[in-house]
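Undergrad: This is the structure I have questions about; it appears just below.
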Amino acid sequence: MTLGSLVLTCKDPAPTMACLTLEAFQELKQVIDETEATLAGLFAYDQLNYLVLMMVDPQVHFHVIPRYGSQRTFGGMAFQDPSWPKPPDTLLIHETSDDLLEQLRDHVRRHWKPGMNRMDGNVAGAEAGTVKATFAPASHAGRP
């Protein structure tokens, strides 16, 4: 995946989109606003892609993938988006250390937009009600 990729996960048990409650859909708008504002401010993405695949995990979730037309750097490491401007390469793995992944997670937490910091120890994005934005370890080697 790319720098700043996240997974938005519904906390309610919902195996399909049709099973989401009205409250979850309403909150999803707020969580998406917060996520887009935070990622734009931190990484200046050129486009944002959302994938709703649910091929492995039975829980409704969205892969949020910032897209970049040029290289971005974080923690001294260069991140490319080699499939830009085509669909994202979901098999792309940026070989990073656990330390760099933790730095990235903490960076997102520290810079979450004002009034939107509703995180616990397992969350690097918004959390309230039924939808939570959890940090995706997708760009870490050896993790899905």
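Undergrad: Go through region 21-113 and name the GluC sites (Glu not before Pro) that are in a DSSP coil and have 13 or fewer other Cβ atoms within 10 Å of their Cβ. Before the final figure, lay out the partial values.
TA: Details: sites: GLU23, GLU27, GLU34, GLU36, GLU95, GLU102; in loops: GLU95.
Here the GluC sites (Glu not before Pro) that fit, given the DSSP loop and packing criteria, are GLU95.
Undergrad: For a footprinting-style exposure proxy, rank VAL52, VAL108 by other Cβ within 10 Å, fewest first. Don't skip to the answer; put the middle values down first.
TA: Numbers: VAL52 10, VAL108 22.
Ascending Cβ contact count within 10 Å gives the list VAL52, VAL108.
Undergrad: Under a 5 Å amide H to amide H cut-off, with H placed in plane at 1.01 Å, what residues pair with GLN47 once short-range neighbours are removed?
TA: ARG67
Undergrad: While we're here: Listing THR38, THR90, THR73, THR9 from the residue with the fewest other Cβ atoms within 10 Å to the one with the most, what is the order?
TA: Details: THR38 23, THR90 14, THR73 9, THR9 20.
Result, fewest neighbours first: THR73, THR90, THR9, THR38.
Undergrad: Please provide three numbers in whole Å: the alpha-carbon extents of region 28-92 along the principal axes, with the largest listed first.
TA: Here the Cα extents, ordered largest to smallest, are 35, 27, 22 Å.
Since every read-out is calculated from the coordinates, none of them should be taken as a lab result. Fair warning: this is a prediction, and the values are worked out from it, not measured in the lab. Here Cβ is always computed from backbone atoms with ideal geometry, including for glycine, and neighbour counts include all displayed protein chains.
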